[in-house]
Amino acid sequence: MIPRHRLCVAILLLVSVAATWAERVPNPSFEFGDQLPVGWRVGSGDGDWLDIDGDRALVSRGTAEQTSFWRSEPVDLVPGGLYRLRFSARRLD
């Protein structure tokens, strides 16, 4: 049986690690900010910060000749680490 104090320490460490990983990307839901979402800026081209059906979204506009993208503040990644990137994309006419 694991001593109670060691179990508490292990749980605290797991919660701490999970919270750290969840905060890798600044403002991941783009909810915070006034003119631009906190932690994000248009890196190149034309972009908007919109409210679509109650959810905040970043929009990039480009053509075959012009690229457009948003850039976050630097994100610390561990070489050889395993990361999951999830996002939704759709074409707005």
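What follows draws every value from the coordinates through simple rules; no lab data is involved. Since we're looking at a predicted model, the values are computed, not measured. Cβ coordinates were reconstructed from backbone atoms using ideal geometry, including for glycine residues, and neighbour counts include every protein chain displayed.
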Revision key, fill the gap. Residue separation between Arg90 and Glu73 times 0.36 nm, minus their alpha-carbon distance, gives in nm 3.7 nm
Check your understanding: If amide H atoms are built 1.01 Å from N in the plane of the peptide, which residues on other chains or at least 5 residues away come under 5 Å of the amide H of Gly33?
Key -> Val38
Point to revise | 3J(HN,Hα) from dihedral phi, the range 28-44, Karplus parametrisation 6.51/-1.76/1.60, rounded to Hz, x for glycine, proline | key: x, 9, 6, 7, 9, x, 10, 8, 9, x, 4, x, 9, 8, 6, x, 6
Review point. So what's the net charge close to Asp34: Lys and Arg +1, Asp and Glu -1, counting the other residues with Cβ under 15 Å from its Cβ?
Key: -1
